[in-house]
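> I have a structure here, written as structure tokens, and I will follow up with some questions on it.
The values are calculated or read from the model by the stated rules, or taken from the named source; none is laboratory data. Note that the coordinates shown come from a computational prediction; the quantities given were computed from them, not determined experimentally. Reconstructed Cβ throughout: ideal geometry from the backbone, glycine too, with neighbour counts over all protein chains shown.
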Amino acid sequence: MRVSIGHVCTVPWTRYAHLGELRDAGFALVALTPDRGATAIDEVDWPARTALMLGAEGPGLAASTLAAADLRVRIPIRDDVDSLNVASAAAVAFHVARRR
């Protein structure tokens, strides 16, 4: 918290019982994945209301979560790197989405 100078408290987040609740609230479900078949993050036309779904480093998001996503997005990284730390990936995604 100290390192972020309190900015960690300004990123909106919530928990829902199921993803349908987010969609019903008007959010597009965007899944972050290292899958090479996903849309590159710099090519995304970010919806105005986006719920960004992040998984753990290594296993990532569950297959059912990826299947429920409206859009699957990847951060282009070197071929010999399988994934980024979730905090690093989130920081990149928040920055890119905010710019749009």
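> Go through the range 23-49 and report how many residues are crowded, with 18+ Cβ neighbours inside 10 Å and in contact with a Phe, Trp or Tyr (Cβ under 9 Å, 6 or more places away or on another chain).
Residues flagged as crowded, with 18+ Cβ neighbours inside 10 Å and in contact with a Phe, Trp or Tyr (Cβ under 9 Å, 6 or more places away or on another chain) within the range 23-49 amount to 1.
> Now a separate question. Filter the range 82-96 down to residues that are out of contact with any Leu (no Cβ under 7 Å at 6 or more places or on another chain) and among the hydrophobic types (A, V, I, L, M, F, W, C) and give me whichever is surrounded by the most Cβ atoms within 10 Å (Cβ to Cβ).
Across the range 82-96, the extreme among qualifying residues is L84.
> Another one. Considering the range 6-61 alone, what residues qualify as being aromatic (F, W, Y) and more than 18 Å from A97 (Cβ to Cβ)?
Scanning the range 6-61 gives a single hit, Y16.
> Separate question: Which residues, counting only those in the range 55-81, are in contact (Cβ under 8 Å) with a residue 24 or more places away in the chain, more than 22 Å from D45 (Cα to Cα) and surrounded by 11 or more Cβ atoms within 10 Å (Cβ to Cβ)?
Once the filter is applied, which keeps residues that are in contact (Cβ under 8 Å) with a residue 24 or more places away in the chain, more than 22 Å from D45 (Cα to Cα) and surrounded by 11 or more Cβ atoms within 10 Å (Cβ to Cβ), the range 55-81 yields E57, G60.
> Got a sec? Which helices (runs of 4 or more DSSP H) wholly within the chain have at least 2 residues that are more than 13 Å from the chain's Cα centre (by Cα) and at pLDDT 80 or above?
19-24, 63-68
> Next question, about the same structure. With respect to V86, is the statement that it is touching an Asp or Glu at 6+ places or on another chain (Cβ under 6 Å), β-branched (V, I, T) and in contact (Cβ under 8 Å) with a residue 24 or more places away in the chain true?
Working: touching an Asp or Glu at 6+ places or on another chain (Cβ under 6 Å): yes; β-branched (V, I, T): yes; in contact (Cβ under 8 Å) with a residue 24 or more places away in the chain: yes.
In short, yes.
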